[in-house]
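Below is one structure, written out as structure tokens, with a few remarks after it.
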Amino acid sequence: MLYLTRREHFNGAHRLFNPNWTDEQNDATFGKCANKNWHGHNFDLYVTVKGLPNPDTGFVINAHDLSSILKKEVLDKLDHKNFNVDVHELKGVLPSIENIVQLIWKWIVPHLKGCQLHCVKIIETENIYVEYYGE
Ligand code: NI
């Protein structure tokens, strides 16, 4: 089995807050991420697929095809967006990177042919990242 990873980049804004909590509870839990007027991040996205090389191409997946899928299914939906208000599927969902990697997984899976999705990873800051393996 071979693993191929494509890196993409996007940026966006969000606010982490629980509407059922007081401002004090939100500030205590989410800190600066609870800022009422949003804040942004530059996100690095790593999508890893696994499979065997196609005998006709030698590729697990054509990296250009994977990039096209990521552009259409992920970047067009998230890049330069406010995740709380611009992304339909995140309505009523805390737009943490934990929740966003799961959404990205759901967006990508139906479009992969001849390989399987292995991991979706988002780096939010130089100190924090999340990986999702579909389970
Ligand atoms: Ni944040």
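The values are calculated or read from the model by the stated rules, or taken from the named source; none is laboratory data. All figures in this text were calculated on a predicted structure; none of them were measured in a lab. Every residue, glycine among them, receives a Cβ derived from its backbone with ideal geometry; neighbour counts consider all protein chains shown. Quick note on the areas: whole protein, heavy atoms, side chains included, nothing else; ligands and nucleic acids left out. Shrake-Rupley method; radii C 1.70, N 1.55, O 1.52, S 1.80 Å.
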Item to check | Enumeration of residues in region 1-25 that are within 11 Å of the ligand (Cβ to nearest atom) and assigned to a strand (DSSP E or B) | outcome: 12, 13, 14
Item to check | residue 47, sole failed condition from (1) open to solvent by less than 70 Å² (accessible area, probe 1.4 Å); (2) within 19 Å of residue 96 (Cα to Cα); (3) modelled with pLDDT under 95 | outcome: (3)
Next on the checklist: Checking the structure you have, find out if any residue of region 65-81 is within 14 Å of the ligand (Cβ to nearest atom), touching a helix residue (DSSP H, G or I) at 6+ places or on another chain (Cβ under 9 Å) and on the phi < 0 side of the Ramachandran plot.
Outcome noted: yes
Checklist entry - What residue, among those in region 81-95 that are in a loop (DSSP other than H, G, I, E, B) and open to solvent by less than 20 Å² (accessible area, probe 1.4 Å), is nearest to residue 71 (Cα to Cα)? => result 87
Checklist outcome for this item: Scanning region 26-45 for residues that are more than 30 Å from residue 119 (Cα to Cα), away from the ligand (no atom under 11 Å from the Cβ) and outside any helix (DSSP H, G or I) gives 36, 37
Checklist entry - How many residues does region 108-135 hold that are of a type in the set (A, V, I, L, M, F, W, C), in contact with a Leu (Cβ under 9 Å, 6 or more places away or on another chain) and closer than 17 Å to residue 44 by Cα? => result 4
Item to check | Filtered residues of region 8-34 (kept if closer than 17 Å to residue 128 by Cβ and exposed (fewer than 14 other Cβ atoms within 10 Å of the Cβ)) | outcome: 9, 11, 29, 31, 32
Checklist entry - List pairs: first in region 21-45 and among the polar types (S, T, N, Q), second open to solvent by less than 50 Å² (accessible area, probe 1.4 Å) and more than 13 Å from the ligand (Cβ to nearest atom), Cβ under 7 Å, 6+ apart or cross-chain? => result 26/18
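Within region 104-135, take every residue that is within 16 Å of the ligand (Cβ to nearest atom) and not hydroxyl-bearing (Ser, Thr, Tyr) and give me the one that is most open to solvent (accessible area, probe 1.4 Å). Give the derivation first.
Initially, region 104-135 is screened for residues within 16 Å of the ligand (Cβ to nearest atom), giving 122-130.
Retained after the next criterion (residues that are not hydroxyl-bearing (Ser, Thr, Tyr)): 122-124, 126-128, 130.
Numbers: 122: 1, 123: 41, 124: 32, 126: 175, 127: 124, 128: 85, 130: 25 Å².
Here the residue is 126.
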Next on the checklist: Report every pair of residues separated by at least 6 positions or lying on different chains whose Cβ atoms are under 8 Å apart, first residue within region 106-117 and of a type in the set (Gly, Ala, Ser), second surrounded by fewer than 16 Cβ atoms within 10 Å (Cβ to Cβ).
Outcome noted: 114/54
